[in-house]
Amino acid sequence: MTQTGDTLLAIGTRKGLWLAQSSDRAGWKLSGPHFLMNEVASVALDTRHSPPRILAGLLSPHWGPTVVISGDLGETWTEPEAAAITFPPETGEALGRIWQLQPDSADRPGVIWAGCEPISVWKSTDGGTSFELNEALWNHPHRPDWGEGYGGAAAHTVLPSPADESVHVAISSGGVYRSDDGGQSWAARNHGISAYFLPDPNPEFGQCVHKVARDAADPARLYAQNHHGVYRSDDAGDTWISIADGLPADFGFVMLAHPHTGGTLWTIPLVADGERIPPGGELAVYRSTDAGESWTRQDTGLPSAEYNAVLRDAAAVDTAEPAGVYFGTRAGDVYASADEGGTFSLVASNLPDVLCVRAAAVGTPEP
């Protein structure tokens with residue numbers, strides 16, 4: 001593929017993958033579909049390579065789930081000869097879906113994490129060609145009691161810390177777990193997060209956390225969008241406090257943190273678990289610049305009437321300055337902002353149900 005811009009936007013949908021490129025994050029050139037009729041529930045842009053490597057977690061209705069990789073911005077794709085993610089025979093399990101692909105930090109080259117269904121976490125040390133099951137989480141004594149979220153039983157968020165060996169995982173519905181030793185052991189970290197739907201609304205685990213993001217300036221500060229509830233932790237998840245005041249609703253799926261500026265985050269509220277639409281049928285992003293103490297509505301360029309939800313991984317930020325904010329709806333409309341959510345423009349419309357969105361710089365356009 002001839003490079004046509006300096007920003008790459010990957011859009012995974014229920015029926016394939018689309019790629020968009022732009023030189024100004026305003027006008028976009030769209031290509032696709034790649035892998036038509038395959039569900040693409042997870043995408044990663046590994047910016048430790050130049051150009052970024054694209055990894056996609058596919059679910060074929062015939063062949064099942066797999067990971068595919070492109071090193072040339074989608075011109076060609078490779079798939080491992082043996083399945084990249086396969087449960088050991090003794091587990092008696094089969095992979096259902098790859099919910100998350102997450103490159104580790106620059107000082108851990110080749111390391112890619114995956115969160116999957118059934119609830120499991122996997123680690124690759126060869127750039128995503130092969131993955132190994134994290135036995136410590138798989139054998140955790142809490143696992144038999146983890147529930148299944150509305151969308152399935154999933155480890156949908158994996159956050160390796162850039163500062164140390166800690167890793168956070170969010171599970172639907174098991175809550176947040178943290179490892180302090182690179183995945184060798186795990187402990188629940190949900191104190192303060194409500195599970196109002198359980199007999200004990202404040203259990204050690206069992207919360208349905210929808211998404212977790214890490215603060216840019218303080219690796220120990222985390223933000224969580226829960227199944228009703230928006231929270232912040234200032235101690236790596238040991239305790240959580242509500243930051244929902246100022247939002248029109250505390251339900252939703254999206255949680256994004258600014259790539260450079262501490263205390264800046266975005267969420268996209270929905271009315272409730274039983275009414276999964278934007279409040280008032282008006283699509284809006286909410287931004288905080290003070291770690292959730294206050295919120296500002298951002299809707300310039302967005303449609304005034306919208307009754308479709310935005311899913312947990314159907315939103316992303318890039319690392320540009322100012323940061324770009326992107327998201328796609330279940331109606332297949334994708335929006336981009338080049339000014340941190342101040343104004344949005346339409347990238348694509350009428351795509352299939354958008355499941356995941358990722359964005360990254362790809363270099364200087366060719367003359």
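Below are the figures for this structure:
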| quantity | calculated |
| --- | --- |
| Rg ratio (alpha-carbon, reference 2.2 N^0.38 Å) - the stretch 1-127 | 1.08 |
| Ordering of 180-189, 65-74 by burial proxy (mean other Cβ atoms within 10 Å per residue, highest first) | 65-74, 180-189 |
| Rounded FRET efficiency, nearest 0.05, which uses the C-beta distance separating ASP164 from SER345 and R0 of 45 Å | 0.70 |
| Proportion of all alpha-carbon pairs of the stretch 205-291 beyond 19 Å (%) | 33 |
| Percent breakdown of C-alpha pair distances by 10 Å bin, ordered from the shortest bin, for the stretch 261-367 | 15, 47, 31, 7, 1, 0 |
| Cα convex hull of the stretch 306-350 - mean projected area over all directions, nm² | 3.1 |
| Principal semi-axes in Å for the chain [√(5λ), Cα gyration tensor, largest first] | 28, 26, 19 |
| Computed magnitude of the charge dipole of the chain (debye, nearest 20; Cβ of K, R +1, Cβ of D, E -1) | 640 |
| Gyration tensor (alpha-carbon) shape descriptor, the stretch 176-322, a/c threshold 1.5 | oblate |
| Rounded FRET efficiency, nearest 0.05, which uses the C-beta distance separating GLU204 from LYS15 and R0 of 35 Å | 0.30 |
| Sorted peptide list for 220-229, 348-357, criterion being average Cβ within 10 angstrom, highest first | 220-229, 348-357 |
| The stretch 84-243: C-alpha gyration tensor shape, a/c 1.5 cut-off, then a/b vs b/c | oblate |
| Point-to-point label distance, ILE241-GLU81, nm (Cα→Cβ direction, 7 Å offset) | 5.7 |
| Simple spin-label estimate for ASP126 and GLU148 in nanometres, 7 Å along Cα-Cβ | 3.3 |
| Sites GLU282 and ALA331, calculated FRET efficiency, Cβ-Cβ separation with R0 25 Å, nearest 0.05 | 0.95 |
| Three semi-axes of the equivalent ellipsoid, the stretch 268-316, Cα gyration tensor, whole Å, largest first | 18, 13, 11 |
| Part-to-part distance (alpha-carbon centres) for the stretch 79-140 and the stretch 274-288, which is given in Å | 34 |
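Every number in this text was worked out from the coordinates using simple rules, so none of it is lab data. Being a predicted model, the structure only gives us computed values, none of them experimental. Glycine also receives a Cβ, built like all others from the backbone with ideal geometry; neighbour counts cover every protein chain displayed.
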